[in-house]
1. From the residues in segment 297-335 that are polar (S, T, N, Q) and assigned to a helix (DSSP H, G or I), which one is surrounded by the fewest Cβ atoms within 10 Å (Cβ to Cβ)?
2. It is to be established whether one or more residues within segment 17-40 are over 21 Å from Glu84 (Cβ atoms), buried (at least 17 other Cβ atoms within 10 Å of the Cβ) and not aliphatic (A, V, I, L, M).
3. From the list Ala214, Ala219, Ala252, exactly one residue is without any contact (Cβ under 8 Å) to a residue 24 or more places away in the chain and small (Gly, Ala, Ser). Which is it?
4. Could you list, in sequence order, all residues of segment 206-231 that are of a type outside the set (A, V, I, L, M, F, W, C), more than 9 Å from the chain's Cα centre (by Cα) and closer than 13 Å to Val174 by Cα?
5. Going through segment 64-94 one residue at a time, which ones are in a loop (DSSP other than H, G, I, E, B), under 30 Å from Leu132 (Cα atoms) and either touching a residue at least 24 places away in the same chain (Cβ under 8 Å) or among the aromatic types (Phe, Trp, Tyr) (or both)?
6. Which residue out of Asn234, Asn247, Asn294 is out of contact with any strand residue (DSSP E or B) (no Cβ under 7 Å at 6 or more places or on another chain) and closer than 22 Å to Asn170 by Cβ?
7. Of the residues in segment 204-219, how many are touching a Gly at 6+ places or on another chain (Cβ under 6 Å) and either among the charged types (D, E, K, R) or surrounded by fewer than 20 Cβ atoms within 10 Å (Cβ to Cβ) (or both)?
8. Given (1) touching a residue at least 40 places away in the same chain (Cβ under 8 Å); (2) surrounded by fewer than 18 Cβ atoms within 10 Å (Cβ to Cβ); (3) part of a strand (DSSP E or B), identify the lone condition not met by Ala182.
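The values are calculated or read from the model by the stated rules, or taken from the named source; none is laboratory data. No experiment lies behind these values; they were computed from the predicted model shown. When we count neighbours, we look across all protein chains shown, and the Cβ atoms used for this are built from the backbone with ideal geometry, even at glycine.
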Amino acid sequence: MQLSDLAATLGASLEGDGSAQITGVCGIEHAGPGQVTFVSNKRYAALARTTQASAILVEPSFPSLPTPTLRVADPYLAFAKTIELFYEPPSYSPGIHPTAVIAPSAHIGARAHIGAYVVIGDHVTLGEGAILHPHVVLYPYVEVGKDFTAHSHAVVREHCRIGDQVTLQNGAIVGADGFGFARIPAEPGQPAWYKILQSGPAVLEDHVEVQANACVDRASVGETRVGRGAKIDNLVQVGHGSSVGENTLLCAQVGLAGSTSVGRNVILAGQVGVAGHCTIGDGVVATAQSGIPNDVAPGKIVSGYPAIENRQWLRAVALFNRLPGHLRELKRRPN
């Protein structure tokens, strides 16, 4: 693809020679001739002057560069769209592999691709255009919308409901039992915990993606719900009876205890933990490894444990780092 054509496709303003042939994309550290790269983080701004890439996607205000430049409002989004122009993912023809096991009462929509050793239980409804990779399991009474993609070893448990254009990455589990046990009097050597039946389904609305080895537990009563457009990263735990709002991001190893309510457009960065029965308001951002034991008001940015406002946390951390010096100074002072 000629660089000028790429600029037109992305709606970008082109600076420099537009005749270069673009054959692929690459990160700025390793990009070479024929490739387009991007800068959206100031940490990589210096590399923009030394990269061997044939073109760079940058923001409109980025300084002039010797390399041909494509200026767009959001270079990261433009780069994501550029990848799609040069990478052709595998295609999967409609059909059912002979090793798949499908209950006679299941309803399979048109154009479905059912891979090897897939198991589809009684009274499952699977929408049109579904792609189920090998070893996917849909338990009885599951309802799935159209254009569903489930990668190998994904599992959807009984009575769970999934909307349109949902993706489950490898090993994602939707609707496994929530962690519910009641203590009971016990004799030595006897069980001390009574398992609470997890009767409520997990519900994933349209355009949700659950990535590898993440778990969205079913509820004891009611339901666990993940809102439209939410994205759940690898190894995330969504506890039973929780709700996750529209377009919220739960990044790697986030843990929501049971009955947590997370609002819309929230970002919980890696390893954030939220205690049970807490409410996280719309638009909240929690930085990595924050621990949230209480409700958080809408729009707040919080950090640390217990999580406090990010600016206050930054000041506290700076002070903490100076404490050894202050202690030495106090010791030197006369009594």
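1. Step by step, filter segment 297-335, then rank; the result is Asn321.
2. No, segment 17-40 contains no residue that is over 21 Å from Glu84 (Cβ atoms), buried (at least 17 other Cβ atoms within 10 Å of the Cβ) and not aliphatic (A, V, I, L, M).
3. Ala252
4. Result: Asn213, Asp217, Arg218, Glu223, Thr224, Arg225.
5. Within segment 64-94, the first condition is being in a loop (DSSP other than H, G, I, E, B), and the residues that meet it are 64-68, 72-74, 87-94.
Applying the additional criterion that residues be under 30 Å from Leu132 (Cα atoms) yields 87-94.
Hits for segment 64-94 are Tyr87, Tyr92.
6. Values: Asn247 fails: closer than 22 Å to Asn170 by Cβ; Asn294 fails: closer than 22 Å to Asn170 by Cβ.
Within the list Asn234, Asn247, Asn294, the selection yields Asn234.
7. Total satisfying the criteria: 7.
8. With (1) touching a residue at least 40 places away in the same chain (Cβ under 8 Å); (2) surrounded by fewer than 18 Cβ atoms within 10 Å (Cβ to Cβ); (3) part of a strand (DSSP E or B) applied to Ala182, the lone miss is (1).
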